[in-house]
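In what follows, a structure is listed as structure tokens, so that the remarks can point back to it.
The values are calculated or read from the model by the stated rules, or taken from the named source; none is laboratory data. Note that the structure is a prediction, hence the values are computed from the model and not measured. Reconstructed Cβ throughout: ideal geometry from the backbone, glycine too, with neighbour counts over all protein chains shown. Accessible surface is based on the protein model in full, side chains and every heavy atom, while ligands, DNA and RNA are left aside. Shrake-Rupley method; radii C 1.70, N 1.55, O 1.52, S 1.80 Å.
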Amino acid sequence: MKYDLNNKTNKFAQRTLLAFSSSLMELLETKEFEKITVGEICDVCNYPRATFYNYFDDSFDLLNYCWIAMMQDIRVDDYPDMVPEERVYILFDRIYDYFDLYRERLKKIMVNNSPSGALVMSCSLFVKQQTSRIMLDCPYGNVHPVPHELMAEHYSNTIQLMIEWCFLRNKIKSKEEADRYLRYLLENTKGV
């Protein structure tokens with residue numbers, strides 16, 4: 001991404017980033033991600049292509065920004081204050097609540113985007129990487145008889161799989177059911 005998100009973002013940049021990301025989400029409700037052009041994104045938000053390229057390299061770069069914004073909305077950066085043993089459940093609940101908030105939009109987006117397409121694969125990979133990073137930073141000590149990195153990957157894969165089952169495959173119908181399944185899957189690995 002050309003725009004450095006580590007710098008303080010001024011109101012113009014915030015408005016511009018929001019316009020591009022909102023336009024992409026709007027287009028995704030009617031079209032497959034791979035078929036959306038930069039020109040279409042610019043037409044929807046009424047910004048010139050030059051402005052788009054001041055911020056992003058291409059539509060994949062914009063999509064990555066959308067995932068970054070999503071994780072900021074989920075408030076993943078306050079994970080150090082969470083109780084380590086409950087961190088995975090709190091993180092899952094936050095991700096679930098975020099996706100649930102946009103459930104109707106997701107349904108529309110999924111009509112045009114395959115679960116094996118670039119959009120879903122990009123989102124799944126990003127969620128998995130971010131949850132893995134959070135779990136890696138979690139001090140568990142010697143609670144598990146397997147390497148810490150393996151446990152972090154296991155937790156992040158399980159969270160990603162549960163989100164996919166809830167929102168992409170529509171196999172889990174309630175948050176209570178999802179929480180119950182997640183706890184079963186994770187707690188039955190403690191003695192491994």
To the nearest 10 degrees, the tilt of helix 59-74 (Cα long axis) against the first principal axis of the alpha carbons of the chain is 50 degrees
Checking the table LYS108/LYS173; LYS31/LYS108; LYS2/LYS108; LYS11/LYS31; LYS107/LYS175; LYS107/LYS171 against a 20 Å threshold on Cα-Cα, which pairs fail?
LYS2/LYS108; LYS11/LYS31
note: the chain, Cα-Cα separations exceeding 23 Å make up a percent value of 48 percent
Grab the DSSP H runs of the chain that are 4 residues or longer, score each as -39,500 (n - 2.57), total them, divide by all residues and round the 222 nm result to the nearest 500 deg cm²/dmol.
-20500 deg cm²/dmol
May I ask you to give the solvent-accessible area per residue for the chain, in square angstrom, as obtained with a 1.4 angstrom probe?
55 Å²
So how tilted is helix 87-101 from the main axis of the chain? Cα-based, degrees 0 to 90, rounded to 10.
40 degrees
Could you please state how large a percent of the accessible area of the chain is carbon and sulfur, counting protein chains only and using a 1.4 Å probe?
52 percent
Distance between modelled label sites at LYS107 and LYS35, nm, 7 Å Cα→Cβ extension:
2.2 nm
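So if each residue of separation counts as 0.36 nm, and I subtract the Cα-Cα distance between ASN7 and ASP97, what length gain in nm does that give?
Numbers: separation 90, 0.36 × 90 = 32.40 nm, distance 2.84 nm.
Result: 29.6 nm gained on full extension.
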